[in-house]
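Below is one structure, written out as structure tokens; the observations come after it.
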Amino acid sequence: MSHGHDSEQVGHIVPLWLLFGVFFALIILTALTVWTATHLHLGAFNIWLALIIASMKATLVALFFMHLIWDKPYNGIVLVGAFMFVILFLGISLMDTAENMPDMYEGPAPAVATE
Amino acid sequence: MGKKHSSDGAGHAEHPKWMQHHFDTPSQQFASSKMGMWLFLATEVLLFAGLFCAYAVYRANHMEMFVFGHQFLDVKWGAINTCVLLFSSLTAAWSVRAAQVGQKTLMIVLLFLTMCCGGGFMAIKYVEYSHKIHDGLLWGTQYKPTGHAAEVIHGEEAHAAGDLGGAHGRVDAGHTEAEQVAAIEAAHGAKAAGDAKAAGDAHTAGDAHAAGDGNATTAAPPAEAGAMHATELPADVLAIDAAERSATQPAAIGPRGLVPVAETDAAHAEAGGHHWEGPIPDNVHIFFGIYFGMTGLHGIHVLIGMIILGWLIYRALKNDFSPEYFTPVDLGVLYWHLVDLIWIFLFPLLYLIG
Amino acid sequence: MNVTDTSITPADLGGYASREAESENFLSYPKGILSWLVTLDHKRIGILYLICILTAFFIGGMFALLIRTELLTPGPTIVDADTYNQLFTLHGAIMIFLFIIPGIPAALGNFALPLMLGAKDVAFPRLNLTSWYLWLIGAAFTVFSLVNGGADTGWTFYTPYSTQTDGAIISITMGVFILGFSSILTGLNFLVTIHRLRPPGMTWFKMPLFLWAIYGTAIMQVLATPVIGITMLLLIVERTLGFGIFDPALGGDPVLFQHFFWFYSHPAVYIMILPALGIMSEIFSVFSRKHIFGYKFIAFSSIVLAILSFLVWGHHMFPSGQSQLANFVFSALTFTVSIPTAIKMFNWLATMYKGEIVLKTPMLYALSFMFLFGIGGLTGLFLGALAVDIHLHDTYFVVAHFHYVMFGGTVIAFLAGLHYWWPKVFGRMYNETLGRIGAAIIFVGFNMTFLSQFVMGSQGMPRRYYNYLDEYTIYHHISTGGSYLMAVGFFLIAGYLLHSLLKGKRAPANPWGGNTLEWHVPSPPPYYNFKEAPRVGDPYDFSEIHWDERIEGYVFRKAEGSA
Ligand code: HEM
Ligand SMILES: [Cu+2]
């Protein structure tokens, strides 16, 4: 929006160096995530690290390849909103199952008494 | 407002043919289309959310399935495919730029390259899938490890028995109560030893049901439930006040959990080049189910994306696009990027576990 | 403008300027069946939808009558137990997925939304038509399950039963999947239309409240529907390929299925009710001849409802084996939903307060809406209370609750909207007396049918049961009797509406005195909606709208002296 064209100009023209720059950053992050997963043993934190790196990659793709940084804010809100709802969905389902574990019977559940 | 475009457009019409009558200006039409596409992408994200949810729930509760199962996936292929898709995203984004600045030939070449990358991705997936199919490492009832995978999973003798995954082959008559106890003890031993692979992970350790005890949690098919433990509950469960345990009567089929599988023998195995020590977890087929569900749905999206790219190339060859009008290219490429975006998450979640 | 009898033209009274101009109305231009099947005009697509959903309503209604007849006596009455299971499954699935979800947005909304907004069409007319065709395909799949062995799981398709039964689950779930697509396209289209096609002057807070409601609905359609899509796909692979993630026999988790299902289906019940609330905001204001009270509160409460609806799905799963913590959280959140709902209710009451209430048919429906939806919503709070729900879950109390909100709420509002916009859509007036009688019959029949279900439910009559104890007989008799009465009411309504198409009086442009933009164009509207961008004012300002005897309708006229 802030670029110098008039409002009739549709879309932002991304310079080539930026496209390639983003691409190389993505490749480097891919290498990084493979490396951390195979060489760093952080226990439960590995998954979070992997997710953080994946989110960084996703952000790069969304902002530059998908033009979000130059786009109408609404489109970005749509994407972020969608992710928020995914997190909501996952979060509550996870909370439920995790919370349920201690309530479980060991072994198969007993049959209900029938008369 | 609209004047500029109608004058430098085709030059003969009031407004160009791509302009629809219910919009006032080209930029209004462009912004509308783009917003529509973004909303559609949001629905795609939520479509995948279901599978991500299943992944998260099973992973959080049964990490061991994932740790064990993921060894049969090849990081090398996954990483190559990631790079292929990233490269295709680059060419796709570049093709939009080419469309904007009017480099028609370049745009077509780039779109074609993008499509080829999609083809390459699918080819690699084909190789991976056929390995899994060959080894019987499939989902649910189709999970029947054979060949090398079977040796890893079943050990020698089970190889002949064949079916591990079928719901009904589960509680092997040959396994007596005593054997199970022994297996459980063995498993406990493994846990005590603090094996990093099997139980060391915080998730797994917390989830003593499945990893350690092998004999896991609740749900068993009714017949087997009857045959095995009837109404006895483990002492520590009975010790909990009934009111605290659960608000409802337990059903014949337990609320949820894992079927106890006889295959809890502590195993030493070479799987996919990894050294596996400790009990083979139950229900590994769920991992493969999720793997196939996620990559399968994603693969379908890649195929759809390729069709869209093909259609864009066709229209570009027909000279439908110009620096004033390239909306379909922009939208099609957005879709392609989303497919990439999802793979960016799938790769570490499936291939880079533990 | 001073209106004198000699200078008056039909156009001044809101009609078409001439006979020729009249042939430009969207019903007759262009002509031919084919022109309807390939139409891109949102008004025609609205009518196509209307015909289809009313057909679905008819089929679903027939199933309902069969169910009620079967329950007239304990034990077998007219069908066997298996057939009964199929009856209530198809009744539920057809009513929900084929009728009520597309009902208000896709039929009435399609017609009214661009007109009320002042736009020439929706943003994506082709998608709009696609969505209608998808509806047809989805409907075909759903109804195909009827001859393909029938589905007997209930509309909720709970696993593991739905993966084991011999019923035609695959075709019905495919149908639901496709219908979901259709619903998404409608929602997406409306969101973009409201954002991008507003004419100059149509700011967000000049928008009629119906559009705010449709906007909230569309958010839910876009964000929730994909989840039912993946759920249905997983159910299909579960059945065909033995996928196993929902199957306890394979270590899968059936409660997870319920999470999936309700993550969509609770927002879905708000997809049903929110547009209905929007219609109510229009009708209460117009028929009280008074500016809507608390415009911004009503507008924002629609958006808040849309978002809150995503936070309460677990209240359908209290006794399912869901964890205690989740139960507690969902119960608490469920209560918050009543806040935005109550905001709307009280604002409508305040709108009516000291208004000149006109008891025309749409308003009668609106009043019964208020009563019935009030009961429905309040009983929802009973169900949202954890301890109480353990007793009431899966009883007729739940059945009564959701019929009070879905039928007493949405269907009644749909009828209100249908009667409100009927003259605009078809350019004909229906018989007002019959309209009022119809509304009264529905109201009485409805309460007979479902009030008795509250009673038997609270006494323990389980839902979806084929047989019952003798002590419930009396309630079932009342309930079945009420359903027959309603059937009579619906046939009456169908009768006078169809009659009006052929013999009805010509409708004036503004029969009720509304000030939203659709009343500024002739009835039926011209195919191009507006010649030039309409002048946008306050949609609830009735000061310049006056009754005119000559056309038996309202005309727009500046108050004396202020020209
Ligand atoms: C104040 C608002 C509402 C509250 C607090 C509420 C609460 C509840 C609760 C707790 C249940 C679960 C009962 C059980 O199964 O034990 C339920 C069921 C249901 N509600 Fe509501 N509700 C509200 C409004 C609505 C609305 C507006 C609709 C639809 C238009 C609706 C449709 C349904 C349906 C269809 C079911 C039953 C689903 C099934 O099991 O088949 N509710 N409601
Ligand atoms: Cu609900």
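The values are calculated or read from the model by the stated rules, or taken from the named source; none is laboratory data. Being a predicted model, the structure only gives us computed values, none of them experimental. Cβ: placed from backbone, ideal geometry, glycine included. Neighbour counts: every protein chain shown. Just the protein is used for accessible areas: all its heavy atoms, side chains included, with ligands, DNA and RNA removed. Shrake-Rupley method; radii C 1.70, N 1.55, O 1.52, S 1.80 Å.
Hey, what's the Cα Rg ratio for segment C:93-162 versus the globular rule of thumb, 2.2 N^0.38 Å?
Working: Rg = 15.9 Å, N = 70, 2.2 N^0.38 = 11.1 Å.
Working it through for segment C:93-162, the quotient is 1.44.
Tally Lys/Arg at +1 and Asp/Glu at -1 over every other residue whose Cβ is under 12 Å from the Cβ of B:ASN81; what's the total?
On the way: positive: B:LYS76, B:LYS125; negative: B:ASP74, B:GLU128, B:ASP340.
Taking every other residue near B:ASN81 into account, the sum is -1.
First measure r as the distance between the Cβ atoms of C:PHE297 and B:HIS134, then evaluate 1/(1 + (r/R0)^6) with R0 = 60 Å and state the FRET efficiency to the nearest 0.05.
Details: r = 63 Å, r/R0 = 1.06.
E(calc), rounded to 0.05, equals 0.40.
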Under 11 Å by backbone N from the virtual spin label 7 Å along Cα-to-Cβ at A:ALA25, the residues of segment A:64-88 are A:64-65
Compute the longest continuous run of chain C that contains no exposed GluC sites (Glu not before Pro); treat a site as exposed when its DSSP state is not H, G, I, E or B and it has at most 12 other Cβ atoms within 10 Å.
C:1-355
Nearest 10 degrees is fine. How inclined is helix C:473-503 to the longest principal axis of chain C, computing both from alpha carbons?
30 degrees
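Take the alpha-carbon positions of segment C:324-440, form their convex hull, and give its projected area averaged over all directions (one quarter of the hull surface) in nm². Before the final figure, lay out the partial values.
Details: hull surface 36.2 nm².
Projected over every direction and averaged, the Cα hull of segment C:324-440 covers 9.0 nm².
Calculate, in nm to one decimal, what C:THR433 and C:LEU34 gain on full extension: separation in residues at 0.36 nm each, minus their alpha carbon distance.
Working: separation 399, 0.36 × 399 = 143.64 nm, distance 3.66 nm.
Difference between extended and current length: 140.0 nm.
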What longest range of chain C stays clear of loop-exposed trypsin sites (Lys or Arg not before Pro) (DSSP non-H/G/I/E/B, at most 10 other C-beta within 10 angstrom)?
C:32-353
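Using every Cα-Cα pair within chain C, state what percent have a distance larger than 40 Å.
On the way: 36679 of 158203 pairs.
Taking all Cα-Cα pairs of chain C, the fraction more than 40 Å apart is 23 percent.
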Going by amide H atoms built from the backbone, whose H comes under 5 Å of the H on C:GLY553, apart from near neighbours?
C:ASP548
Nitroxide proxy distance, nm - points 7 Å out along Cα→Cβ at A:TRP70 and C:ARG506:
5.6 nm
Name the long-range amide H neighbours of C:THR395: under 5 Å, sequence gap of 5 or more, or other chain; modelled H, no Pro or chain starts.
C:ARG463
Could you work out how much longer the chain between C:ALA81 and C:LEU469 gets when fully extended? Use 0.36 nm per residue separation minus the Cα distance between them, nm to one decimal.
138.1 nm
Would you mind estimating how fast segment C:224-287 diffuses translationally, via Stokes-Einstein at 10 °C and 1.306 mPa s with the Kirkwood radius over Cα pairs, in µm²/s?
116 µm²/s
Per residue of segment A:70-86, what does 6.51 cos²θ - 1.76 cosθ + 1.60 with θ = phi - 60° give for ³J(HN,Hα)? Whole Hz please, x for Gly and Pro, Karplus curve as stated.
9, 8, 4, x, 4, 5, x, 4, 4, 5, 4, x, 4, 5, 4, 5, 4
Calculate one ³J(HN,Hα) per residue across segment C:316-331 by plugging θ = phi - 60° into the Karplus curve 6.51 cos²θ - 1.76 cosθ + 1.60, and present them in order as whole Hz with x for glycine and proline.
8, 10, 3, x, 8, x, 5, 5, 4, 5, 4, 3, 5, 4, 5, 4
Sorting B:ASP340, B:ASP320, C:ASP470 by accessible area (1.4 Å probe), largest first, what list results?
C:ASP470, B:ASP320, B:ASP340
Between A:LEU88 and B:VAL109, the two model label points (7 Å from Cα along the beta-carbon direction) sit apart by a distance in nm of 4.7 nm
Could you give the distance between the Cα centres of segment C:312-358 and segment B:53-118, to the whole Å?
43 Å
What nm value, rounded to one decimal, do you get for the distance between C:ARG19 and C:ASP538 when each label is placed 7 Å out toward the C-beta?
4.3 nm
Farthest toward positive dipole pole in chain C [+1 Lys/Arg, -1 Asp/Glu at C-beta], among C:TYR468, C:GLY242, C:PHE63
C:PHE63
Just to confirm a number: summing +1 for Lys and Arg and -1 for Asp and Glu over residues other than A:LEU51 whose beta-carbon lies under 15 angstrom from that of A:LEU51, what do you get?
+2
Quick one: what are the phi-derived ³J(HN,Hα) couplings along segment C:349-363, Karplus 6.51/-1.76/1.60 with θ = phi - 60°, whole Hz, x for glycine and proline?
4, 5, 5, 6, 4, 6, x, 8, 6, 9, 8, 7, 3, x, 5
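Rounded to the nearest 500, what is the 222 nm mean residue ellipticity of chain C from helices alone, with -39500 (n - 2.57) per DSSP H run of 4+ residues and division by all residues?
Numbers: 18 runs with 337 residues, N = 563.
Calculated mean residue ellipticity at 222 nm is -20500 deg cm²/dmol.
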